[in-house]
Structures are given as C-alpha cells and as structure tokens.
Amino acid sequence: MTRHATSPFEGQKPGTSGLRKKTKVFMQPRYLENFVQATFEAIGGVAGQTLVLGGDGRYFGAEAARIILKMAAANGAARVIVGQGAWLSTPAASHLIRARGAMGGIILSASHNPGGPDEDFGVKYNMGNGGPAPETVTAAIYALSQEITEYHCLDVDDPDLTVVGEAQLGMMVVEVVDPVEAYADMMETLFDFNALRAMFKAGFRMRMDSMCAITGPYAVEIFERRLGAPAGTVTHATPLPDFGGMHPDPNPTWAHELMAEMMGDDAPDFGAASDGDGDRNMVLGAGIYVSPSDSLAVLAANAHLVPGYKKGLKGVARSMPTSAAVDRVAAEMGLVCYETPTGWKFFGNLMDAGRVSLCGEESFGTGSDHVREKDGLWAVLMWLNILAVRQMSVAEIMQDHWAHFGRNYYSRHDYEALPVDQAEAMLGDLRARFGALTGARHEGLIVESADEFSYRDPVDGSVSEGQGFRILFEGGSRVVLRLSGTGTEGATLRVYMERYAPGPDGLDHDPQEALGPIIKATEAIVGIRNRTGRAAPNVIT
Ligand code: VG1
Ligand code: CO
C-alpha cells in the first residue's frame with residue numbers, strides 16, 4: 001500500500017523562502033508528508049523525473065530526507081540525487097539541479113533560523129533552473145495543501161544515505177553523492193585558484209566561521225585542501241543538528257566570535273561567516289565590517305578582475321530594501337540595475353533571461369548566474385580573488401570605493417517576536433497616513449513620498465504587491481519597513497535605513513550616528529518604541 005489517507009493542516013503557506021515552522025510542528029505525523037505531496041502535485045507530478053534532495057544538516061533533516069525519498073518513489077520518480085548524510089548547501093543543491101538537468105529539488109533547511117528539536121525546520125522547492133519556486137508555484141502548493149486527502153509513500157525499509165553510490169528504492173534509483181565535490185569543482189572554473197594559492201602561501205591570513213552549519217565541509221575542502229590555507233582556518237567546521245546551540249545567522253550580533261577576532265589586535269587579513277544553509281555571507285577585513293549592500297557594490301565594481309566575469313556583467317539586481325550603493329556602480333558602468341522584492345525567487349527570471357549576472361540583498365546574500373541562489377562561499381571567493389588582484393586590504397578597498405562612488409550609510413534594525421496584531425496594526429496605521437506624510441518635516445528631514453512597493457516582473461509580467469513600506473526623504477535618504485516572511489514566532493519587523501554621503505568629507509562616520517536623524521524621524525513617524533514598548537531593536541546590522 002502506498003496510499004495513505006490524510007487531512008489538511010492549517011498554515012502550510014511558504015514564505016520568503018519555503019515553509020518554515022518549529023521542528024516539532026514538522027515532526028507531527030503527516031505534516032511533512034502533506035506538504036511534500038502538495039509540492040509534487042503543484043509541479044505536475046514527479047513520475048519519471050529526476051530530483052535533487054539535501055539540506056543543511058539540522059535536526060530532523062536526515063529523517064525527513066528518508067521520508068521524502070520513499071514518497072518520491074511512491075509518486076513514480078525515476079531518480080533522486082541526494083547529498084551524503086542528506087547534506088547539501090543551498091547553492092550546491094542549486095548547482096546539482098542545473099548540472100544534472102533535474103526537474104527540481106527539495107532543500108531541507110530553515111536557513112539562518114536556529115535548529116534543534118525546539119527550534120526551526122524548513123522545506124523549500126527549487127525549480128529546474130535551480131532557483132526557488134516562484135509565487136505562482138508556492139501559491140499552488142498552499143492551495144493543494146488545504147484540500148489534500150491522501151499522500152503516497154512506499155512501505156519499505158529506510159534508504160541508507162551514509163554511503164556514496166546508487167541503490168534501488170522500489171522502482172526508483174537513489175543516488176547518494178558527495179555533497180561537496182561538484183560544487184568545489186565549479187568554483188575552480190570561476191576563480192583564479194593559482195593566484196589564491198599563491199596568496200595563502202605568501203602568508204595571507206583568513207578566518208572562516210562556518211557556525212556549525214553546512215558550509216564547514218565545503219570551506220575545509222576549498223580553502224584548506226584546494227587553496228592551501230592552514231588547517232584551522234575554518235572554525236566551527238562540523239555541521240551539528242543544533243548548530244552547537246549557535247544562531248547560524250552571519251551578522252555582527254550572532255557571529256560575535258568572528259567579530260571580536262576581526263576587530264581585535266592581530267586580526268587576520270580577511271574574515272567571513274555563513275549561515276545555516278550556506279547561501280549567506282558576512283565579510284570583514286582587519287578592523288572593518290563590510291555592510292552587505294556595500295559588498296554587493298564592491299563586487300559589481302570589481303567583477304571584471306575575476307576570471308569567471310572578465311567579459312563584464314550583463315546587468316545587476318538588488319532587493320528593494322538593499323541600499324542604492326550598487327546603483328551608483330551600475331550607472332557608471334552603463335549597466336541596468338533592477339530593483340526586486342525581498343527574496344531570491346525574484347532574481348531567477350532576470351538571470352534566466354540573460355538580463356543580470358550579479359544580484360544581492362542587504363541580508364548578507366550575494367550571488368551570480370553560476371547558480372540560481374545566493375551563494376556564501378562564492379562571495380568569499382569573489383572577495384579573495386579581488387584582494388589577490390588588487391593587492392590591497394579590505395579597508396583600503398572600501399576607502400577607495402567610497403572615495404569614488406560616495407557612501408550609502410546603511411543599517412537594518414530588527415524587532416523580533418512582536419505580537420502579530422500589534423505589528424500589523426502599526427503598519428496598517430502607517431498605510432492609512434501615507435497621504436498626510438508627504439511634506440511633513442521631522443528631525444530636519446522632509447518627507448518626499450511614502451508608498452508601498454509593488455513589483456512587476458519585466459520578464460513574465462507577474463505582479464507582486466505589498467512588498468514593503470517606503471518613506472523617502474528629500475535629498476535621497478529613506479526608511480523601509482516590512483514584516484519578515486521567514487520567522488516562526490510572532491512577527492519580526494525589519495526597519496531599513498539609508499543615507500547617502502557624496503564625499504569627499506564625511507565618509508568615515510559610524511553608521512548608527514550618520515543615520516541618527518533618520519532613526520529619530522522614523523520613531524516620530526511610526527512610533528515603534530511607543531507602540532511595542534521595546535526600548536531597542538534585537539538585532540542591528
Ligand atoms: C530574509 C531576508 C531576505 C532573504 C530571506 C531568505 O527574509 O530578509 O533578504 O532572502 O531571509 O534568506 P525575511 O522575509 O525574513 O526578511 V535565507 O538565507 O534565510 O534562505
Ligand atoms: Co540561508
């Protein structure tokens with residue numbers, strides 16, 4: 001018997017990046033099964049198809065992978081390519097889908113959310129182009145999950161995922177692959193590994209903090225084995241089911257060990273961290289933190305120095321809340337710069353259509369058209385290759401960049417786990433006051449316009465509304481507010497602030513100080529502190 005009766009669970013609605021819930025919610029009988037069956041049906045069935053499967057090593061991942069394999073077999077799939085131990089970073093999964101011509105893939109991760117029995121789990125479907133399912137598909141998955149009556153699952157022993165090789169599961173082939181090899185090989189085609197080996201040999205010092213998440217094995221193979229960085233360059237290199245109790249979000253708050261080392265005496269030349277599923281990156285130089293929006297701009301301005309991009313970029317894209325630093329680079333280089341809603345799914349169409357080769361988000365995500373996901377280790381290798389060619393420190397590269405393009409001071413303030421009603425009411429009131437805001441003056445700033453961002457995809461014409469509140473001030477400063485779509489507890493309010501300083505003076509302020517008037521004006525307009533009772537944000541990036 002492969003048919004099992006079931007009934008719908010509420011709320012199986014994918015957010016910014018797949019369905020994320022508390023692990024215990026996913027572990028309820030039939031919960032994972034329902035969502036996976038709905039996914040298979042939303043994509044037109046998987047009979048005769050090849051799929052890719054893997055995840056970030058978090059608690060329940062391997063067990064979920066075994067269930068999904070038995071379901072894929074019962075649904076008639078021909079082959080599933082799965083990372084050994086059910087491990088695959090998100091960019092490696094994206095690469096495998098593309099390289100093997102698979103119909104798509106399932107990624108088991110809640111990315112930057114903590115893992116473990118009391119933390120978070122997630123499931124995401126990626127399409128044949130290697131990119132996250134677009135909203136039409138995630139909406140279909142949700143609709144099907146709300147009317148599901150049965151799922152299919154083979155009643156056989158669990159497949160063994162510990163050994164590389166092929167095995168039969170019913171009529172389906174399970175192909176267990178080394179999770180790292182194909183990805184590391186691809187990186188060798190994009191970057192000048194000889195130059196990087198020479199740089200490490202000459203004493204270049206780097207610290208890579210994999211935060212007990214999936215990039216550990218990839219980073220050890222690439223930096224320590226293939227590029228000759230000293231053993232121990234990668235820390236927290238073993239993926240653990242609960243990420244060692246760490247919060248695998250590479251930002252100054254959660255990657256505080258790395259921050260302390262990079263800001264301390266005897267800091268290495270370069271530091272980096274990545275998140276649970278390996279698609280995010282934080283980069284640092286000795287004594288300097290590079291804001292993700294600036295990192296995107298620097299990569300765009302210097303990409304032609306890297307072998308994989310020496311022909312130049314087709315165009316660039318950033319999410320709306322990301323700073324306009326990259327826009328200035330694009331303008332000078334004569335490149336089109338697209339502005340999309342938050343989430344990597346919006347970049348895929350632009351890349352598939354050959355309109356952009358480089359994309360990024362303020363949330364520590366950068367990537368290119370080598371895959372259809374953001375890619376943390378790729379971004380680190382971009383930086384290393386640029387440092388090797390320019391023979392400058394990270395701090396010198398940033399000074400040089402700001403002196404040339406001016407500086408977009410930028411910061412994001414997060415208020416986590418707010419009561420949902422309270423957060424929604426606050427933004428609802430703001431929406432109702434849009435008209436009255438124009439022309440108002442706060443902290444010496446005059447509101448030029450206020451609106452809610454909506455996006456029309458230039459490739460397929462689809463429209464996504466309600467993608468964040470924007471308040472623009474005269475002179476180019478702005479604040480953006482939106483609610484997170486990846487959390488599993490209450491509502492998380494993200495407040496993104498930006499101010500442009502053209503230079504040559506005023507390029508070396510502390511961002512929180514430089515943004516002071518905007519922070520105060522935001523409080524005056526939105527009243528976050530008053531309405532939530534929170535004295536300060538939980539996380540500042
Ligand atoms: C957050 C980030 C967004 C990112 C998404 C997935 O979404 O803001 O830029 O694409 O996480 O990243 P939200 O809706 O919580 O703001 V990952 O690395 O968690 O897959
Ligand atoms: Co991630």
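Since every read-out is calculated from the coordinates, none of them should be taken as a lab result. Predicted, not measured: the structure shown is a model, and the values here were computed from it. Methodologically, a virtual Cβ is constructed for each residue, glycine included, from the backbone with ideal geometry; neighbour enumeration extends over all protein chains shown.
Counting alpha carbon pairs within less than 8 Å and at least 6 residues apart, what relative contact order, in whole percent, applies to segment 183-405?
Reported relative contact order: 20 percent.
Of the DSSP beta bridges with both residues in the chain, give the percent that are antiparallel, rounding to the nearest 5.
DSSP beta bridges in the chain are roughly 70 percent antiparallel.
Provide the gained length on full extension for the span A403 to E339, in nm with one decimal, where the gain is 0.36 nm per separating residue minus the Cα-Cα distance.
20.6 nm
Using Cα pairs under 8 angstrom and six or more residues apart, how large is the relative contact order of the chain, in percent?
Once normalised by length, the contact order is 13 percent.
Percent relative contact order of segment 407-540, based on C-alpha pairs within less than 8 angstrom and at least six residues apart?
Normalised by residue count, the contact order of segment 407-540 is 35 percent.
If amide H atoms are built 1.01 Å from N in the plane of the peptide, which residues on other chains or at least 5 residues away come under 5 Å of the amide H of Y338?
Excluding prolines and chain starts, which carry no amide H, the hits are V316, A317, R318.
Considering only V137, A272, Y125, whose Cα is most displaced toward the positive end of the charge dipole of the chain, charges sitting on Cβ of Lys, Arg (+1) and Asp, Glu (-1)?
My answer, from the dipole projection, is V137.
Within segment 500-517, find all residues whose amide N lies under 19 Å from a label point positioned 7 Å from the Cα of R529 along Cα-to-beta-carbon.
Only 511-517 fall inside the zone, counting backbone N under 19 Å.
Collect residues whose amide H, placed 1.01 Å from N in the peptide plane, falls under 5 Å from the amide H of L169; neighbours closer than 5 in sequence don't count.
V174
Quick one: grab the alpha carbon gyration tensor of the chain, order the square roots of its eigenvalues as a ≥ b ≥ c, and give me rounded if a/c is under 1.5, else prolate or oblate depending on whether a/b is larger than b/c.
oblate
When the Karplus curve 6.51 cos²θ - 1.76 cosθ + 1.60 is applied with θ = phi - 60°, which whole-Hz ³J(HN,Hα) does each residue of segment 35-48 get, with x for Gly and Pro?
Per-residue couplings from phi come out as 5, 5, 4, 4, 5, 4, 6, 5, 9, x, x, 10, 4, x Hz.
Would you mind classifying segment 111-212 by shape? Square roots of the alpha carbon gyration tensor eigenvalues, ordered a ≥ b ≥ c; an a/c under 1.5 is rounded, otherwise it is prolate if a/b is larger than b/c and oblate if not.
prolate
What value, in deg cm²/dmol to 500, does the helix sum -39500 (n - 2.57) over DSSP H runs of n ≥ 4 give at 222 nm once divided by the residues of the chain?
Calculated at 222 nm, the ellipticity per residue is -9000 deg cm²/dmol.
When the label point is put 7 Å from the Cα of A260 along its Cα-to-beta-carbon vector, which residues of segment 290-315 have a backbone N closer than 14 Å?
Those under the cut-off are none; the list is empty.
Would you mind getting me the FRET efficiency between D242 and E489? Use the beta-carbon distance for r and R0 = 22 Å, nearest 0.05.
0.80
Quick one: grab the alpha carbon gyration tensor of segment 3-179, order the square roots of its eigenvalues as a ≥ b ≥ c, and give me rounded if a/c is under 1.5, else prolate or oblate depending on whether a/b is larger than b/c.
Rounded shape, in that the Cα axes give a/c under 1.5.
Using the Karplus equation 6.51 cos²θ - 1.76 cosθ + 1.60 (θ = phi - 60°), what ³J(HN,Hα) coupling, rounded to whole Hz, does each residue of segment 519-531 give in order, writing x for Gly and Pro?
Using θ = phi - 60°, the values come out as 4, 5, 5, 5, 4, 5, 7, 9, x, 4, 5, 4, 7 Hz.
How do D242, D279, D158, D266 line up, fewest other C-beta atoms within 10 Å first?
Result, fewest neighbours first: D266, D158, D242, D279.
Please state the charge dipole magnitude for the chain, taken about the Cα centre, from unit charges on C-beta atoms (+1 on K and R, -1 on D and E), reported in debye and rounded to the nearest 20.
Taking the Cα centre of the chain as origin, the dipole is about 720 debye.
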